[in-house]
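What follows is a short report on a single structure.
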Amino acid sequence: MSSERQRKGAWDMKWLSLLSLWLGKLRPRPLSTYERGKRAEREASLFLRRRGYRIVAQNVRTKLGEIDLVALKGDLVVFVEVKARSSDEFGTPVEGLLPRQQKRIRNAAELFLAKRGWSERDRRFDLIAVDLDELGRVKRIEHIPGAF
């Protein structure tokens, strides 16, 4: 009887060990920096669509720079830089967009417009700051039209 109880106790321990391992895998984990950036871009895209913008390009890479989102609002071409934030500890989103980054985005935008034959169209450069918690849930989205 004692050996049967020991076997049952050992089996229970294995079961509990497997169960805790499985439950541990279900617990959400913090997002990596890359995942946070991708999540912020997806949320920014949804945010703009809900407000009547049409997204025409995402993650545009040129030899002159990168553009996170390109959208149309009527005839206006809007180039959007997306910043994923967890706090304003290192400054506001606009302060986080350095002049050299602004120049790169503007240059990439000019190249994008030229390739599409849209050089004569009106354009605007916006910033969207997406505040995410450590698990990637959106706390707040701030849209700054004409940020630079």
Some residue of the range 55-67 being basic (K, R) and in contact with a Gly (Cβ under 6 Å, 6 or more places away or on another chain): no
Flag for I55 being farther than 16 Å from A129 by Cβ and either under 18 Å from the mean Cα position of the chain (by Cα) or not in a strand (DSSP E or B) (or both): yes
Breaking point among (1) touching a strand residue (DSSP E or B) at 6+ places or on another chain (Cβ under 8 Å); (2) at pLDDT 85 or above; (3) buried (at least 18 other Cβ atoms within 10 Å of the Cβ), for V56: (3)
Output for the range 68-103, where each listed residue is part of a loop (DSSP other than H, G, I, E, B), without any contact (Cβ under 8 Å) to a residue 24 or more places away in the chain and among the hydrophobic types (A, V, I, L, M, F, W, C): F90, L98
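The rows are residues; the columns are (1) touching a Pro at 6+ places or on another chain (Cβ under 9 Å); (2) more than 16 Å from G146 (Cα to Cα); (3) not acidic (D, E).
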{"site": "Y53", "(1), (2), (3)": "no, no, yes"}
{"site": "T62", "(1), (2), (3)": "no, yes, yes"}
{"site": "V80", "(1), (2), (3)": "no, no, yes"}
{"site": "K83", "(1), (2), (3)": "yes, no, yes"}
{"site": "D88", "(1), (2), (3)": "no, yes, no"}
Complete set of residues in the range 59-82 that are touching an Asp or Glu at 6+ places or on another chain (Cβ under 9 Å), closer than 15 Å to I128 by Cα and either buried (at least 16 other Cβ atoms within 10 Å of the Cβ) or among the hydroxyl-bearing types (S, T, Y) (or both): I67, D68, L69, A71, V78, F79, V80, E81, V82
Where G37 falls short, out of the listed (1) surrounded by fewer than 19 Cβ atoms within 10 Å (Cβ to Cβ); (2) within 18 Å of the chain's Cα centre (by Cα); (3) modelled with pLDDT of 95 or more; (4) in a helix (DSSP H, G or I): (3)
Per-region count, the range 47-58, residues in contact with an Asp or Glu (Cβ under 8 Å, 6 or more places away or on another chain) and not polar (S, T, N, Q): 0
Residue match in the range 45-52 (condition: of a type in the set (S, T, N, Q) and either on the phi > 0 side of the Ramachandran plot or touching a strand residue (DSSP E or B) at 6+ places or on another chain (Cβ under 7 Å) (or both)): yes
Any hit, the range 114-123, residues being of a type in the set (D, E) and assigned to a helix (DSSP H, G or I): no
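The values are calculated or read from the model by the stated rules, or taken from the named source; none is laboratory data. Note that the structure is a prediction, hence the values are computed from the model and not measured. In this analysis, Cβ positions are derived from the backbone assuming ideal geometry, glycine residues included, and neighbour counts consider all displayed protein chains.
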